[in-house]
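I have placed the structure first, in the form of structure tokens, so that the comments after it can refer back to it.
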Amino acid sequence: RVRAQECNCGRKVAFEIVEFPVVVADLDKLEIVGEFQTFVRPEEHPALTGLCRRLTGIRQSDVDEAPLLVDALAAVDAFLKRTVPAGESFAVAADGPTDFKRFLHKECLRKRLACPAYYYRWVDVSKHLLMHHPDTKCTLVEKVLRAGLVWV
């Protein structure tokens, strides 16, 4: 299963993350060992755009009572500490650099939030896919389906 981080899109202003999903997989056993998801309440532009609602399926009511980014980051960190065995290494992955560099890092800087160090080193799934399958330039959903995974 693959889930994508979502942000409030379609504005000529800074993006704000509105959904934060995490899937922890044991790559040795090829199995999912934990899943976490939270919506995130946007502070700077609380109303979701129509484009954002249509593209993501996220409703305004999903984010109205959701935690702020600072609390969502703390919840993700607590989930990782519960799910990843002590002493085990892990890496975060994303479909290209946008989710972390353009969205998460910039939003944390704007809001003066500490961004955990593991979000500064990530596996670029698109880059690795293109290295092994150069003819596979397509959307994230298409990549997931071609890999035989389920898009949720």
Looking at the structure I just gave you, is residue 72 out of contact with any Gly (no Cβ under 6 Å at 6 or more places or on another chain), without any contact (Cβ under 8 Å) to a residue 24 or more places away in the chain and of a type in the set (A, V, I, L, M)?
no
Looking only at the stretch 95-114, which residues are open to solvent by less than 30 Å² (accessible area, probe 1.4 Å), within 28 Å of residue 143 (Cα to Cα) and not acidic (Asp, Glu)?
96, 100, 103, 104, 105
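Residue-wise test of (1) farther than 19 Å from residue 109 by Cα; (2) of a type in the set (D, E, K, R).
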| residue | (1), (2) |
| --- | --- |
| 45 | no, no |
| 54 | yes, yes |
| 64 | yes, yes |
| 69 | no, no |
| 85 | yes, no |
Which of the residues spanning the stretch 32-48 are within 24 Å of residue 114 (Cα to Cα) and not in a strand (DSSP E or B)?
40, 41, 42, 43, 44, 45, 46
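Please enumerate the residues belonging to the stretch 24-38 that are open to solvent by less than 50 Å² (accessible area, probe 1.4 Å) and of a type outside the set (Asp, Glu). I'd like the intermediate steps shown before the answer.
Of all residues in the stretch 24-38, those open to solvent by less than 50 Å² (accessible area, probe 1.4 Å) come to 24, 26, 34, 36, 38.
Passing the criteria: 24, 34, 36, 38.
Can residue 44 be described as in contact with a strand residue (DSSP E or B) (Cβ under 8 Å, 6 or more places away or on another chain) and of a type in the set (Asp, Glu)? Step through it out loud before you land on a result.
On the way: in contact with a strand residue (DSSP E or B) (Cβ under 8 Å, 6 or more places away or on another chain): no; of a type in the set (Asp, Glu): yes.
Taking the combined requirement at face value, the residue does not satisfy it.
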Selected residue (criterion: surrounded by the fewest Cβ atoms within 10 Å (Cβ to Cβ)) from residues of the stretch 49-94 that are in a loop (DSSP other than H, G, I, E, B), in contact with a strand residue (DSSP E or B) (Cβ under 7 Å, 6 or more places away or on another chain) and at pLDDT below 95
91
With the first residue restricted to the stretch 91-108 and required to be closer than 20 Å to residue 77 by Cβ, and the second required to be open to solvent by 60 Å² or more (accessible area, probe 1.4 Å) and in a helix (DSSP H, G or I), Cβ contacts under 6 Å at 6 or more apart or on different chains are 93/125
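Sort out which residues of the stretch 118-152 are outside any loop (DSSP other than H, G, I, E, B), open to solvent by 70 Å² or more (accessible area, probe 1.4 Å) and either hydroxyl-bearing (Ser, Thr, Tyr) or at pLDDT 90 or above (or both), and write them in order of number. Outline the logic, then answer.
Quick first cut of the stretch 118-152, residues outside any loop (DSSP other than H, G, I, E, B) only: 118-120, 122-132, 140-146, 151.
Checking the rest, the ones that are also open to solvent by 70 Å² or more (accessible area, probe 1.4 Å) come to 120, 127-128, 131-132, 142, 145-146, 151.
Across the stretch 118-152, the qualifying residue is only 120.
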Determine the pairs where a residue that is closer than 12 Å to residue 44 by Cβ and charged (D, E, K, R), located within the stretch 10-29, has a partner that is open to solvent by 60 Å² or more (accessible area, probe 1.4 Å) and modelled with pLDDT of 85 or more with Cβ atoms under 8 Å apart, the partner being 6 or more residues away or on another chain.
16/43; 16/44
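The values are calculated or read from the model by the stated rules, or taken from the named source; none is laboratory data. Model, not experiment: these values are computed from the prediction. Cβ sites come from the backbone with ideal geometry, for glycine too, and all protein chains shown count toward neighbours. Ligands, DNA and RNA are excluded from the accessible area calculation, which covers all protein heavy atoms including side chains. Shrake-Rupley method; radii C 1.70, N 1.55, O 1.52, S 1.80 Å.
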